[in-house]
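The values are calculated or read from the model by the stated rules, or taken from the named source; none is laboratory data. Just so it is clear, the structure is predicted and the values come from calculations on it, not from any experiment. Glycine gets a Cβ as well: all are built from the backbone with ideal geometry, and neighbour counts include every protein chain shown. Please note that ligands, DNA and RNA were not included when accessible areas were found on the heavy atoms of the full protein model with its side chains. Shrake-Rupley method; radii C 1.70, N 1.55, O 1.52, S 1.80 Å.
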Amino acid sequence: MATTKTDEDVDFKGENDEGKHPEGNLLNFEPEVPVESMLVPTDNFDSFEQEAPPDPSNLKVDSNLAECQNNDNNTVDDDKLDPDTSGASRSISELSLASEESTDHHGEEEVTNNEEWRSQEKHVFILSSAGKPIYSRHGSEDKLVTLFGVMQALVSFIGDDGDVIRSIHTQGTLFVFLIKGPIMLACVCKTRESVAQITVQLNYVYSQIVSVLTLQQLTRIYEQRRNYDLRRLLAGAERLIDHMLIALETQPALLLGAVQCLPLVPTTRDAITNIIVSSCNKIKNLVFAILVGGNQLVTLIRMKKFFLHPADLHLILNLVNSSESFKAAESWTPICLPKFDPKGFLHAHVSYLAEDCEACLLLLTVDADLFFPLSEAKQKIVEKLRRASLLQSINSALAHPGTPVSQLGVPEARHFLYKCKATAQFWGPVPAPPYQTAEGAKRLLDQYRILHHRLHAPMQPLKLLYLQDHAETMLGWVTTGFELYVAFEPLVTKTNAINAVNKILRWIKKDENGLFITNAPTF
Amino acid sequence: MRTIEGKIVVLGSQGVGKTSMVVRYIGKMFSHHISPTIGASFFTCKINIDETRVKLQVWDTAGQERFRSMAPMYYRNANAALLVFDITQYHTFTAIKNWVKELQRNVEEPMVLALVGNKTDLVNQRKVLREEAHQYAVSIGGTYFETSALQDEGIEEVFLNSAIGMIKLSEDSQCTSLRVYDSSDTSSPTAILQPPPPLTSAVQLDKGPTQGEQERVLACC
């Protein structure tokens, strides 16, 4: 039972910075923690920090893919991957090779002197350890060969001493590097994001590349030909990287390392889940069944023992959101989920439920021969959903414009994000003025980034943070069960802010079962 | 009525118009904004030729290089292949030769091959001569077609030819991957949705009705 909170419950020290953590008083607000979550509950940063140094021994762990396969005829090769030393052992003089290949210096100046190109807030570049351009967020990478040469030189110069370059800080501009085996990623940004946050973003981009190629293929290619032009293999996948970067800039989901669920009455969601389970439970080797709509999760069913990492689910959402072609017909496509198993592909049966229902069903298996059984299962699922009028329920939930913060009865709060840590899910109201414009939404997300960074700073993580500036007052609070980020009007008093926080938490608690998926169904 | 079920795979480089062709034929439409295929898309359609109904399972594959290694999964057990290139891009024609070699190496049963030069609406930018393509098609035992998905020219013929080719294959006892059976019912749509009883033991594909399904009736051939 929720008790009434008074000012004393949260006692600020009067500083803008850190407050006393009142966790003991707030256990009532902790989310209901499921015994198991379908998503791996993880803090985004931790999980990515672990893999920051390219450690080839990571690759030798048991293959998830092999494990969920009954017959191991098709298991991916377990080739030993050599540690990539090429980047470190090269000297700058060797580099000239890369820049000599540039035939279009004039074009390059045209691009780099271009005012629009220079004024971009954030650039992302991807290159091979040999300095070959792979991708540029803005401008054609073909025209930036010298620039890629410089980046490669910086990385290998620092690498010569056995060091790894992570970032360069100048006034107003931040350069972040991420070296991942045979490829390097660099970000040049004028935003106020932290090195850790940019590194997470570059990791997402790297995961996107692994997702289309598998780590196996990526490593093998460069073992065979160090000078390989990866653009050949990535042709058509640039749009996935573009889309991922746009999502990183505009969606809080990737910042929080969590997914948003389509709000549904719990019995409705359970009914949908049961229909999918009953239509698929005879199919062996089906690892995940995922139903998504409007960039939100409707339900997720998994094979026992296996879990989906939120980062992998973001790759799936990115694929669905950036591939119009799935709407035209049933598709059968390979996809690698790096957190699940970077070494091989899963096969995905992808289809939208029906012409009159814009939810997308993905059935992921390790068995390449399963298309027809899955196609049949999908047909059954749709028939059953239609008979139970659940397609309508999904449609009306998708058509719902979302809950504005004003419905919560907390006039001081303009917006908030609530993350349930145990389930790696989050919820936030639809942006209302002044955040309904693109510009406003961007500023809000920037504010959340600042809060998020300060709360999760590796050296000195905070539990509570209250920041007041001219545009808004921001409050961030991390407990064992949840994270809460709130934007208030700038002149809110601390008392009112705390009362509002308590109201928000009470509201979330009341609707918890509809806003979040709290069970973890399996086949 | 005699019914034949066969698999047809559409192969070719990125952007030559494979999906546009299939969508033009099955969906009877053309979109300028078709997004690249991811993996492969699956369609079904039916063609009635005299007293035979041919059900086609169409695998429209992605042309992007990264899906190249997945191709065997899509062309395995195929009875026909549409090898599509863009008549304005010579390298897409060259790429077909690799596809043919790969099919010859990996597909044991006889296949109906159709070489298709698409985008005849851009004929003033033609880079692949009709004669050269025709000769090549003959050399691989296939038939050459020129089409325009944009202007809906020549596409019916391509699929019709493949269907007729499959009927011929089905008369050849060596061909085990084609599924042949008799259905007493002729055209009732409810009967179409029933999965037909398998008669041959070699059958592996289990087919359910799908989104793109559509009945096509042709008066003659």
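Observations on the structure shown:
- Condition check for residue A:407 on (1) modelled with pLDDT under 95; (2) within 11 Å of chain B (Cβ to nearest Cβ); (3) part of a helix (DSSP H, G or I): one failure, at (2).
- Candidates A:451, A:505, filtered to the one that is closer than 18 Å to residue A:427 by Cβ and more than 22 Å from the chain's Cα centre (by Cα): A:505
- A search for C-beta distances below 7 Å between a residue of segment A:150-167 that is in the same structural domain as residue A:178 (by the TED database) and farther than 16 Å from residue A:126 by Cβ and any residue that is among the aromatic types (Phe, Trp, Tyr) and surrounded by 14 or more Cβ atoms within 10 Å (Cβ to Cβ), counting only pairs 6+ apart in sequence or on different chains, returns A:166/A:177; A:167/A:175; A:167/A:177.
- Once segment A:357-401 is narrowed to residues that are away from every other protein chain (no Cβ under 12 Å), free of Cβ contacts under 8 Å to residues at least 40 places away in the same chain and among the charged types (D, E, K, R), the residue that is surrounded by the fewest Cβ atoms within 10 Å (Cβ to Cβ) is A:387.
- Every residue from segment A:135-154 that is in contact with an Asp or Glu (Cβ under 8 Å, 6 or more places away or on another chain) and either at pLDDT below 85 or farther than 14 Å from residue A:245 by Cβ (or both): A:142, A:143, A:144, A:145, A:146, A:147, A:148
- Residue check for residue A:199: crowded, with 19+ Cβ neighbours inside 10 Å and on the phi > 0 side of the Ramachandran plot: no
- Residues satisfying the stated conditions in segment B:59-68, i.e. facing another protein chain (nearest Cβ under 8 Å) and part of a helix (DSSP H, G or I): B:65, B:66, B:67
- Taking strands (runs of 3 or more DSSP E) as the structural unit, those lying wholly within segment A:442-523 and holding at least 2 residues that are aromatic (Phe, Trp, Tyr) correspond to A:482-488.
Condition check ((1) outside any strand (DSSP E or B); (2) surrounded by fewer than 23 Cβ atoms within 10 Å (Cβ to Cβ); (3) touching a residue at least 12 places away in the same chain (Cβ under 8 Å); (4) small (Gly, Ala, Ser)) across all residues:
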| site | (1), (2), (3), (4) |
| --- | --- |
| A:264 | yes, no, yes, no |
| A:268 | yes, yes, yes, no |
| A:284 | yes, yes, yes, no |
| A:311 | yes, no, yes, yes |
| A:341 | yes, no, yes, no |
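- Options B:3, B:94, B:19, B:88: the member that is of a type in the set (Val, Ile, Thr), assigned to a helix (DSSP H, G or I) and surrounded by fewer than 22 Cβ atoms within 10 Å (Cβ to Cβ): B:94
- Answer residue from segment A:346-356, given it is within 11 Å of chain B (Cβ to nearest Cβ) and at pLDDT below 95 and is nearest to residue A:277 (Cα to Cα) among those: A:354
- Flag if residue A:478 is open to solvent by less than 10 Å² (accessible area, probe 1.4 Å), outside the structural domain of residue A:193 (by the TED database) and among the β-branched types (Val, Ile, Thr): no
- Residue match in segment A:235-242 (condition: in a helix (DSSP H, G or I), under 30 Å from residue A:478 (Cβ atoms), in contact with a helix residue (DSSP H, G or I) (Cβ under 9 Å, 6 or more places away or on another chain) and not hydroxyl-bearing (Ser, Thr, Tyr)): no
- Of all residues in segment B:30-48, those that are more than 10 Å from every other protein chain (Cβ to nearest Cβ) and either under 28 Å from residue B:164 (Cα atoms) or touching a helix residue (DSSP H, G or I) at 6+ places or on another chain (Cβ under 6 Å) (or both) total 5.
- Positions within segment A:262-316 being within 14 Å of another protein chain (Cβ to nearest Cβ) and within 16 Å of residue A:39 (Cβ to Cβ), in sequence order: A:315, A:316
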